[in-house]
Amino acid sequence: MTAQRAGERDGDGRRPPVWVRERGGVTGAGGGVRVGERRDRWVLAAITAVAALLYGAVSFVRFAGFRAGAYDLVIFDQAVRSYARLGLPVAVIKGVHNDFGPGFTVLGDHWSPVLAVLAPLYWIHDGPATLLVAQAVLLASAAVPLWVFTRRALGVRAAHLVAVAYALSWPVVETAAFDFHEAAFAPLLTGLLLERWQAGRRVHVVLAALALLCVKEDMGLLVAGFGAMLLGRRGWRALGAALAAGGLAATWLASQVLIPLFGGRADYYWAYGALGADAGAAARTALTDPLAVVAQLGSPPVKLLTLLLLLGVTLLAALGSPILLMAAPLLAERMLASSFPNWWVPEYHYNAFVVVVVLAAGVDGVRRLCDRLEARRAPWGARAARAWAVGVVAFAVASVPFFALADLADPASYRRDARESAAAAAVAAVPDGALVEAANNLAPALSGRATVLLWDRTPRRAPWVVAVVDRRTFPFPDVAEQRARVRTLLQQGYRVRFAEAGYVVLSSATGWPGRNARATRGPPYLDVEVVTCPSPWRMRSTVCPAAEVAAAVTAAMITASSGVARLRTLRMLRTRAHGSPARCMIRHSQYSPRPMHTRATSPPTIATTCTLSSPPMSGSTSVDR
């Protein structure tokens, strides 16, 4: 990105203030490179690199301390791994826990095809740590377009300070601390959108807007807000109208058409029950009782605190710029909600979608103030801009002790206590390649080498289970229910493989489909032969109770359905008496029932047969997954 030449106007139709042109905010006459420009670039590179290291450190400290979560780190890990295998972004853990089925793709949850650009990184290193590194780099990279935007408006010194303020800002730090999310792309793309608009590059503006639409389904609201802001700019009104209409249309298309097309529900994230049961009812409430809508913006009051903290990163200067209009639709989407409390609190990643917009609005607000001071020939316009830039850095530094970055100053963050050591030992007890139900905080440590399901309130009969029994874990309401789940597993024949410091590792009688184990007493048993194609010499056999056949077959099918077969429904149909073979069948959504020689688009596929190995039993067994 090159600086503007003297006399060139920015996307807002104004020339930089005189003190910016004279003190190095833009290139000199004739386009020559100003003295010290190389040094400024090195300063920017240092800010960006240090920011990436800080974000990575915050993420990995939490990851190593078993404070990351299956929701959402494992979801994205499984999705990007599926992309890396050239399939749809299947997240088994999301599909099973939320009852969408093991072949569910995250495109049916959120419209975020931008995640596919991370797939090549998994060819280098396959695991959730790759996502944490990518997120750190993406978040830090947003400082570059923001620096260029600020340099044009307020000069290079202010640009350095604003870049530091962004790097330390609480919305970005909280995003780095909360697993991985598609929000990592938003600061960089919004920064590019605003900087390219400031530079007057219309084609680049359109490309950046299109890229934003691939981040999440509601990014159309951000694009629409940007278009609405352009309606007040001479020479940009036509494009502004197109972006406003296109952004709204894109959000409708993604949420009402594309997400259901990939197996999701259009109303899954409807969070406005206080205003109406659906969009039509909420619109009627807005027309007939607008005060109810206004009241919802401050209910609960923590919403107002979040907005105040968000505007505080600019010392409220963002209120003086129309650029803030760009963030209004996205903020309204969150603050009008009456459910999903994570949307409106300062924690988590949701504020990362608008933090660059707010900072750019603050820069523009100060720029407008300086323009007025210059028109009045006031001598202290430059001092006001630098004082504001110092102030936003001071605010960012003052906020550090209250957010996740403070963990890096705590020596205990780098020491593994007895509980964390027990967690590491529990994870190590699970073999590679296993299908495992894992507690929320332990699942990320297993995701790179096992097929992970969330240990939740519904028994999944996975061969391995890693449970927590001394403190509440998502999604259980209390510890008592977690302990009851473990007792149920023991009653079903699971064995304790490890128990320490509140962590319990259990395995079924067979441990994992393919491990030979024959019990001497108990209920009737079935021989289960699982064949993994196209390598027939990998045939494995096991004997397990009839009640556990479903678990063995489900394990094989979930493994196969990750991005390839995408088999949604598994059923055991009719185990017949008198020594007749019991047939394991699978029902395809697109085919009629057929024996378990599954039809998939590419290997691997699974074939399973079951035969009676002990006294015959009557009746039938049916298991749905």
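The values are calculated or read from the model by the stated rules, or taken from the named source; none is laboratory data. Computed from a prediction, not measured in an experiment: that's the story for all the values here. Ideal geometry is used to build each Cβ from the backbone, glycine not excepted, and the neighbour counts take in all protein chains shown. Each accessible area value is taken on the protein alone, full model and side chains, heavy atoms only, with ligands, DNA and RNA left out. Shrake-Rupley method; radii C 1.70, N 1.55, O 1.52, S 1.80 Å.
Structure summary
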| item | result |
| --- | --- |
| Estimated FRET transfer efficiency (ARG38, VAL390; beta-carbon r; R0 35 Å; 0.05) | 0.90 |
| Neighbour net charge for VAL173 - beta-carbon separation under 11 angstrom, K R +1, D E -1 | -3 |
| By average C-beta atoms within 10 angstrom, highest first, the peptides 317-329, 138-150 | 138-150, 317-329 |
| Potential lengthening between ALA49 and ARG483 on full extension [0.36 nm per residue; Cα-Cα distance subtracted] | 151.7 nm |
| Cα→Cβ-extended label distance, 7 Å offset, between HIS204 and ASP278, nm | 4.4 nm |
| Normalised convex hull volume, segment 440-479, alpha-carbon set, Å³ per residue | 69 Å³ |
| Where only alpha carbons of segment 340-472 are counted, the Rg and the Dmax (Å) | 24.7, 77 |
| Sulfur and carbon atoms: percent of accessible area, segment 321-386 [1.4 Å] | 59 percent |
| Diffusion coefficient, µm² s⁻¹, Stokes-Einstein with Kirkwood Rh over alpha-carbon pairs of segment 82-131 at 4 °C and 1.567 mPa s | 114 µm²/s |
| Cubic angstrom per residue, convex hull over Cα atoms of segment 311-370 | 68 Å³ |
| Förster radius 22 Å - calculated FRET efficiency between PHE60 and LEU308 (Cβ-Cβ, nearest 0.05) | 0.10 |
| Simple label model, 7 Å out from Cα along Cβ direction - LEU287 to PHE474, nm | 3.9 nm |
| Sequence-separation-based contact order of segment 203-267, relative, with Cα cut under 8 Å and 6+ spacing, percent | 28 percent |
| Carbon + sulfur, % of accessible area of segment 164-241 - ligands and nucleic acids excluded, 1.4 Å | 67 percent |
| Peptides 367-374, 435-442 ordered by average Cβ neighbours within 10 Å, highest first | 435-442, 367-374 |
| Highest to lowest packing among 293-300, 237-244, 225-232, 157-164, scored as the average C-beta count within 10 Å | 157-164, 225-232, 237-244, 293-300 |
| Cα Rg, Dmax, segment 136-180, angstrom units | 11.3, 36 |
| Pairwise label distance in nanometres, GLU347 with TYR414, each label 7 Å out on the Cα-Cβ vector | 2.6 nm |
| Pairwise FRET efficiency - TYR268 versus ALA245, Cβ, R0 = 30 Å, nearest 0.05 | 0.75 |
| Euclidean distance of C-alpha centroids, segment 283-334 and segment 397-438, integer Å | 35 Å |
| Radius of gyration and Dmax over the Cα atoms of segment 399-509, both given in Å | 15.2, 52 |
| Net +/- balance of residues flanking LEU408 in space, Cβ distance below 15 Å, scoring K and R +1, D and E -1 | 0 |
| Volume per residue that the Cα convex hull of segment 274-376 spans, once the total is divided by residue count, Å³ | 112 Å³ |
